[in-house]
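Notes follow the structure.
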Amino acid sequence: MIAKRLEGTDTDLDDEPLVHATVAAMASAADDIVANMVKVSAVVMRRRQSARRGFERRLARTWAHSFDAFGHLCAVYTEYGEEYYATGIVDDSVRDSALFKALLQLHGRSCRVACEIEALLRSGLPDGAFARWRTLHEIAVIALFMAQEGETVARSYLDHDIVKRYKLMLTHEKYAQTLGHQPPTEAERTAVHDAYKTVVASHGAGFAEEYGWAAAALNKPRPKFVDLERHVKLDRFRPYYSWSSSSVHAGSHGLAGFAGGFRLVRPMPAGSTNQGLADPGQNTAISLSQIFAAVSVVRASPFFTLSSIVVGKLAKRCQDAFIAEDRNLKQGVS
């Protein structure tokens, strides 16, 4: 039927059956193509994995000192965090502190994010690493903010979890049936709704905003993240924060990555690269040292004061390594 229409020998054919026949033929052809692809997939995947391993070996040589310094910093940072938890949980004066609990949660989250950044850097994916640094910077700002403002703000921060939980529940409930999920039970909905009403009544209407937990401390009814940045004097990182946001969101600027700077014509990256790792690498080191400085405030002991200094020095070592190897790469030094 399709052949007759294309040859012009049957002009009386309706378009609708022709369309159905064409789609059916394409579906059948696609099935054959997929079947053939699956047959050779093992060979294709071996070739791809071999190319990936070769690239990562070369990348590891190019950034050897940086990756070693980064991994060492993350290991020590995690180990000190474990000590922070182990000694705090048995100390009655610390264990029940909202500030201790909040900073402990943030430190744990930062460890996971740092591991994700390391994996992305070792795979030659700097845009993704920079996007995850964006989260690490947010953790650093919030941790320092709470360390400065103390117990009351930390309690508000922990209470704010119910605000986000309530809003997520409403969104899930709206689309649960479409997604084939179970909506919240009536008991769950009632419990979360009542808890939401309680915390908002306790903290004020502005508490329902995204950063409402910081409203009282900042004396602003609707604070934004940039207000927290300014408060802890980390707004100088705003250019990096904005650049990294381009990789998170789907705006046109994000298509070309951040490494091209302000050139109007830039290539679009479509895979791994050995360039552009310095900024996300050294920014991660800086943020980790900032977070641990905030964490150590709660435990004002010689051990944690010294630990904070050690983390800062390891972070500086990591920064220097990324800067040096980035310079060598740009100058063509092997």
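The values are calculated or read from the model by the stated rules, or taken from the named source; none is laboratory data. Keep in mind the model is a prediction, meaning the values are calculated, not measured. Quick reminder, even Gly has a Cβ in these numbers, built from the backbone with ideal geometry, and neighbours come from all protein chains shown. Areas reflect the complete protein model, heavy atoms only, side chains present, ligands, DNA and RNA absent. Shrake-Rupley method; radii C 1.70, N 1.55, O 1.52, S 1.80 Å.
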Tell me which residues, restricted to segment 103-122, are surrounded by fewer than 23 Cβ atoms within 10 Å (Cβ to Cβ) and either touching a strand residue (DSSP E or B) at 6+ places or on another chain (Cβ under 8 Å) or farther than 18 Å from GLN282 by Cβ (or both). LEU104, GLN105, LEU106, GLY108, ARG109, CYS111, ARG112
All but one of (1) of a type in the set (Asp, Glu); (2) loosely packed, with under 14 Cβ neighbours inside 10 Å; (3) under 30 Å from LEU277 (Cα atoms) hold for ASP127, so report the exception by its number. (2)
Please determine, by comparing only the residues of segment 191-213 that are of a type in the set (Gly, Ala, Ser) and not in a loop (DSSP other than H, G, I, E, B), which one is surrounded by the most Cβ atoms within 10 Å (Cβ to Cβ). GLY212
I'd like the residue in segment 78-100 that is open to solvent by 80 Å² or more (accessible area, probe 1.4 Å) and more than 26 Å from GLU118 (Cα to Cα) and, out of all such residues, is modelled with the highest pLDDT. ASP96
Inspect segment 173-190 for any residue being modelled with pLDDT of 95 or more and closer than 30 Å to ALA217 by Cβ and give the result as yes or no. no
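Against the condition open to solvent by 30 Å² or more (accessible area, probe 1.4 Å), of a type outside the set (S, T, N, Q) and over 26 Å from ILE139 (Cα atoms), how does GLU188 come out, does it pass?
Working: open to solvent by 30 Å² or more (accessible area, probe 1.4 Å): yes; of a type outside the set (S, T, N, Q): yes; over 26 Å from ILE139 (Cα atoms): yes.
So GLU188 fits the description; yes.
In this structure, does ASP227 turn out to be part of a helix (DSSP H, G or I), open to solvent by less than 70 Å² (accessible area, probe 1.4 Å) and over 19 Å from ALA102 (Cα atoms)?
Details: part of a helix (DSSP H, G or I): yes; open to solvent by less than 70 Å² (accessible area, probe 1.4 Å): yes; over 19 Å from ALA102 (Cα atoms): yes.
The answer is yes for ASP227.
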All conditions in (1) more than 30 Å from GLN49 (Cα to Cα); (2) aliphatic (A, V, I, L, M); (3) modelled with pLDDT of 95 or more; (4) open to solvent by less than 20 Å² (accessible area, probe 1.4 Å) are true of LEU144 except (4)
Residue by residue through segment 147-169, note down the ones that are open to solvent by 60 Å² or more (accessible area, probe 1.4 Å) and within 24 Å of the chain's Cα centre (by Cα). ASP161, LYS164, ARG165, LYS167, LEU168
Go through the residues of segment 290-299 one by one and say whether even a single one is in contact (Cβ under 8 Å) with a residue 24 or more places away in the chain, touching an Asp or Glu at 6+ places or on another chain (Cβ under 9 Å) and open to solvent by 30 Å² or more (accessible area, probe 1.4 Å). yes
Determine whether PHE304 is out of contact with any Lys or Arg (no Cβ under 8 Å at 6 or more places or on another chain) and closer than 21 Å to PHE145 by Cα. yes
